[in-house]
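**Q** Could you have a look at this structure, given as structure tokens, before my questions?
Coordinate-derived values only; no laboratory data. As the structure is a prediction and not an experimental result, all values here were calculated from the model. Don't worry about glycine lacking a Cβ; one is built from the backbone with ideal geometry, like all the others, and counts go over all protein chains shown.
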Protein chains: 2
Amino acid sequence: MLFTHMDEQDSQQRLTDILKAAGDPTRRAILTLLAQHGPLRVTDIAARFDISLNSVSKHIKVLEGAGLVTRRTEWREHMIELRVEELAHVDRWFRDLRSIWALRLEALDHLLTQETDP
Amino acid sequence: MLFTHMDEQDSQQRLTDILKAAGDPTRRAILTLLAQHGPLRVTDIAARFDISLNSVSKHIKVLEGAGLVTRRTEWREHMIELRVEELAHVDRWFRDLRSIWALRLEALDHLLTQETDP
DNA sequence: CTATCGTTCACCCAAATGGTTGACTAATAT
DNA sequence: ATATTAGTCAACCATTTGGGTGAACGATAG
């Protein structure tokens with residue numbers, strides 16, 4: 001099944017997943033690490049934190065679920081790679097929100113000028 | 001105490017609060033509503049959702065905690081107002097992350113050209 | 001004075017979250 | 001053949017989260 005059309009439902013879900021994933025400090029630190037060093041193995045990532053490897057593995061799965069990272073499984077090593085492009089979903093939502101906001105202010109302004117100068 | 005200098009700690013906390021707050025669909029819907037209609041009372045907001053007033057009140061408190069909305073208490077009515085500017089914190093983090101990413105790629109590229117043409 | 005309105009507060013509940021440990025699979029090294 | 005390495009899965013635990021209810025409180029309306 002091709003994703004020719006992402007409906008509002010899915011889009012909201014994607015956004016929720018991304019924001020929730022990015023809402024955790026450890027996960028943001030992982031993203032930063034990947035931005036700095038490029039693709040890394042799960043173990044390499046875990047070495048930077050003093051939580052268990054298992055815990056890191058779970059965080060990575062969350063990030064993967066949100067589409068913020070991808071996994072290339074090469075033999076027994078899993079290379080985790082950042083996908084910065086996905087942040088665009090959040091950018092888009094921000095842009096829309098600000099635009100709705102701006103439109104209202106504009107309409108309000110229009111209304112006021114009409115009233116004071118009919 | 002004046003906030004002349006927001007340390008890394010606080011900044012991370014702010015970011016976490018904002019992303020967590022925005023990570024909930026109901027709360028995002030509240031933000032959209034406020035963008036469209038301007039300041040609204042708690043009750044007006046609650047009327048748009050089929051969850052209890054109390055639940056909405058809690059959501060608003062979360063948004064307030066994240067600085068995404070402010071409350072002007074006029075007599076017994078609490079006017080809730082959107083603060084779009086706060087989204088800039090997230091923008092900034094995204095920008096930083098992308099910049100770290102871009103810098104690494106640039107360095108990598110530099111390294112490769114040096115190697116092939118010493 | 002009493003009723004009603006707008007909100008928060010204090011609990012209660014189920015589900016999700018972030019962490020742990022221990023067992024398991026599969027690949028590599030000795 | 002055995003030990004080590006890389007990673008996941010499953011179970012468990014404490015805390016947080018999103019929801020609900022009922023009481024309380026201050027202000028305005030009758």
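**Q** Work through the residues other than B:Ala21 whose Cβ is under 13 Å from its Cβ and net out their charges, Lys, Arg +1 and Asp, Glu -1. Walk me through the numbers before you get to the answer.
**A** Details: positive: A:Lys20, B:Arg14, B:Lys20, B:Arg27, B:Arg28, B:Lys58, B:Lys61, B:Arg83; negative: B:Asp17, B:Asp24, B:Glu64, B:Glu86.
Cβ neighbours under 13 Å give a net charge of +4.
**Q** Can I ask one more? Could you work out the local net charge near A:His78, counting Lys and Arg as +1, Asp and Glu as -1, over the other residues with Cβ closer than 14 Å to its Cβ? Intermediate results must be reported in sequence, preceding the final value.
**A** On the way: positive: A:Arg41, A:Lys58, A:Lys61, A:Arg71, A:Arg72, A:Arg76; negative: A:Asp44, A:Glu64, A:Glu74, A:Glu77, A:Glu81.
Spelling it out: positives minus negatives among the neighbours equals +1.
**Q** Also: Give the value in nm², to one decimal: projected area of the alpha carbon convex hull of the protein assembly as shown, averaged over all directions. Each step should come with its number before you reach the end.
**A** Values: hull surface 87.2 nm².
Mean shadow area of the hull around the Cα atoms is 21.8 nm².
**Q** Each residue of segment A:97-106 in turn: what ³J(HN,Hα) in whole Hz from Karplus with 6.51, -1.76, 1.60 and θ = phi - 60°, glycine and Pro shown as x?
**A** Working through the residues one at a time gives 4, 5, 5, 4, 4, 5, 4, 5, 4, 4 Hz.
**Q** Compute the angle between helix B:8-22 and the longest alpha-carbon principal axis of chain B, please, reported from 0 to 90 degrees and rounded to the nearest 10.
**A** 60
**Q** Past 25 Å, Cα to Cα, is the threshold; run A:Lys61/B:Lys20; A:Lys61/B:Lys61; A:Lys20/A:Lys58 against it and keep the listed order. Show your work: numbers first, answer last.
**A** On the way: A:Lys61/B:Lys20 18 Å; A:Lys61/B:Lys61 30 Å; A:Lys20/A:Lys58 14 Å.
With Cα atoms farther than 25 Å apart: A:Lys61/B:Lys61.
**Q** Which of A:Ala21, A:Ala102, A:Ala47 moves the most in a Gaussian network model of chain A with Cα springs under 10 Å?
**A** Among A:Ala21, A:Ala102, A:Ala47, the largest GNM mean-square fluctuation belongs to A:Ala102.
**Q** Taking chain B as a Gaussian network, where each spring joins two C-alpha atoms under 10 Å apart, which residue of B:Leu15, B:Leu103, B:Leu33 fluctuates the most?
**A** B:Leu103
**Q** Turning to a different aspect of this structure: Of the candidates B:Leu19, B:Leu97, B:Leu108, which one comes out as most mobile in a Gaussian network treatment of chain B with C-alpha springs shorter than 10 Å?
**A** Fluctuation is largest for B:Leu108.
**Q** Relative contact order of chain B, please, whole-number percent, based on alpha carbon pairs below 8 angstrom and at least 6 residues apart.
**A** Working: 83 pairs, mean separation 27.7, N = 118.
It comes to 24 percent, rounded to a whole number.
**Q** Restricting the calculation to Cα positions, tell me the Rg (one decimal) and the Dmax (whole number) of segment B:8-85 in Å.
**A** That works out to 12.4, 39 Å for Rg and Dmax.
**Q** Any chance you could get the radius of gyration and Dmax over the Cα atoms of segment B:39-118, in Å?
**A** For segment B:39-118, the Cα-based Rg and Dmax read 22.9, 75 Å.
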